[in-house]
Amino acid sequence: MKRDVDYTWRLAELMANHQMHNSTDLIPRLNERGITLSRPQVYRLVHQRPERVSLKLIAALCDIFDCGPEDLVTVTAANARNKAASAGRENVVELNKAVRPRRARIISDDD
């Protein structure tokens, strides 16, 4: 069975719990652990959901916040809906076939 997997990036929440309210507060702590990132990179890391993150960075963040990877990333998984069964049914409107339009009658201006 196919499964839909998604995740929630919780770095901003962890920072707030540790009284770190600016993304730039993270830069020196990452530097202490051998990770050098620019201000824009750290801002994106905190405020956007990253698609690719190195394990070294995750390990450094876990060390900074004294947490595990499961505190940094929350994973959700659910069974995928069967596309064949639901294809074309989402936006279908049932028509009342008993009601038919009236035939148009053309009237000339001469009458």
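Overall, the range 3-80 carries a charge dipole of about 300 debye about its Cα centre when +1 sits on the Cβ of Lys and Arg and -1 on the Cβ of Asp and Glu, all other atoms neutral. Using the Stokes-Einstein relation with a Kirkwood hydrodynamic radius computed over Cα pairs, the translational diffusion coefficient of the range 3-80 at 10 °C and a viscosity of 1.306 mPa s comes to 121 µm²/s. Among ARG52, ARG81, the ranking by other beta carbons within 10 Å of each residue's beta carbon, starting with the fewest, stands as ARG52, ARG81.
Listed by Cβ neighbour count within 10 Å, with the fewest neighbours leading, GLU70, GLU13 appear as GLU70, GLU13.
The numbers here are math on the coordinates, done by the rules we state, and not lab data. Bear in mind the structure is a predicted one, so any value in this text is a computation, not a measurement. Note that we place each Cβ from the backbone using ideal geometry, even for glycine, and neighbour counts take in every protein chain shown.
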